[in-house]
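Student: The structure under discussion is supplied below as structure tokens; questions concerning it will follow.
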Amino acid sequence: MLWRRRIEPFTRPLVYAFFRLTRGLTLGVRAVVTDPEGKVLLIQHTYIKGWYLPGGGVERGETAETAVVRELAEEAGVRALSRPRLVSAHSNEVLHPGDHVLVYRVDAWEPCASDAEGEILAVGWFALDDLPEETTKATRRRLAEALGGAEADPMW
């Protein structure tokens, strides 16, 4: 599935153009989840490099809370047992005009079956002071905001 990473730079403009034509504005969600030892949940996609917070797009007719719960289960095999708590909202205007991302914290969870089928390369739990080198800058900023007390930046 790593072939997706090779074609992603070429397909991204087409995907973004499709979203712009069909959606106008887009909304995404990400989840901050920690285990009992304080390690944070991160994922690697098959189609793009880096470690990210689990999440994805909010589908038509779906609430942002429902989307973050769905994405957590699909991508990471984590079932939320409590209502996700909104931590911050960000504009992703630089990378994807019209896109916004909501970051949620999920405090109570249990493992469940994942059904990411080809989308997720790896799922891992990492100490905040020992994140993988490939953890994206935006992911590091969101973790600092959600867990480290940093002020939330309105830009992604």
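Read-outs: derived from the displayed coordinates by stated rules, not from any lab. Since the structure is predicted, the reported quantities are computational estimates derived from the model, not experimental observations. Using ideal geometry, Cβ is built from the backbone for each residue, glycine included, and neighbour counts are taken over all protein chains shown.
Student: Answer rounded, prolate or oblate for the stretch 11-86, using the Cα gyration tensor with square roots of eigenvalues a ≥ b ≥ c: rounded when a/c is under 1.5, else prolate when a/b is larger than b/c, else oblate.
Tutor: oblate
Student: Any chance you could check the Cα centroid distance between the stretch 1-43 and the stretch 78-102 for me, in angstrom?
Tutor: Value for the Cα centre distance between the two parts: 11 Å.
Student: What is the helix-to-structure angle for 3-23, meaning the angle in degrees between its Cα long axis and the longest Cα principal axis of the chain, kept from 0 to 90 and rounded to the nearest 10?
Tutor: 70 degrees
Student: Looking at the chain, identify the longest residue range that excludes and avoids all GluC sites (Glu not before Pro) in DSSP loops having at most 15 other Cβ atoms within 10 Å.
Tutor: 1-36
Student: Determine the percent antiparallel among the DSSP beta bridges restricted to the chain, to the nearest 5.
Tutor: Roughly 70 percent of the beta bridges in the chain run antiparallel, per DSSP.
Student: Under 5 Å between amide H atoms, partner at least 5 residues away or on a different chain: which partners does Val78 have, H built in plane at 1.01 Å?
Tutor: Here the answer is Ala73, Cys112, since their amide H atoms fall under 5 Å of that of Val78.
Student: What distance in nm lies between label points placed 7 Å from Cα along the C-beta direction at Ala152 and Asp107?
Tutor: 1.6 nm
Student: Quick one: pull the percentage of alpha-carbon pairs in the chain with a separation above 25 Å.
Tutor: The calculated P(r) of the chain puts 26 percent of pairs beyond 25 Å.
Student: Taking amide H positions as placed 1.01 Å from N in the peptide plane, with prolines and chain starts having none, which residues 5 or more places from Thr135, or on another chain, fall under 5 Å of its amide H?
Tutor: Residues meeting the criterion, in which the H sits 1.01 Å from N, are Trp51.
Student: Once amide H atoms are built 1.01 Å from N in the peptide plane, which residues 5 or more positions from His100, or in another chain, come under 5 Å H to H?
Tutor: Sorted by chain and number, the residues that satisfy this are Thr26, Leu27, Gly28, Asn92.
Student: Next up: Report the local net charge at Arg6: Lys and Arg +1, Asp and Glu -1, summed over other residues whose C-beta lies under 13 Å from its C-beta.
Tutor: It works out to a net charge of +3.
Student: Another question, if that's okay. What distance in nm separates the simple spin-label points at Trp125 and Thr11, each placed 7 Å from Cα in the Cβ direction?
Tutor: The answer from the label model is 3.2 nm.
Student: Something else about it: I want to check the label-to-label distance for Arg140 and Arg60. Put each point 7 Å from Cα in the C-beta direction and report it in nm to one decimal.
Tutor: In this crude label model, Arg140 to Arg60 measures out at 3.9 nm.
Student: With angles folded into 0 to 90 degrees, how steeply does helix 137-147 sit against the dominant principal axis of the chain? Use alpha carbons for both and round to 10.
Tutor: Between the helix axis and the principal axis of the chain, the angle is about 40 degrees.
Student: In addition: Counting each DSSP H run of 4 or more residues in the chain as -39500 (n - 2.57), what helix-only mean residue ellipticity at 222 nm follows after dividing by all residues, to the nearest 500 deg cm²/dmol?
Tutor: After summing the helix terms and dividing by residue count, I get -8000 deg cm²/dmol.
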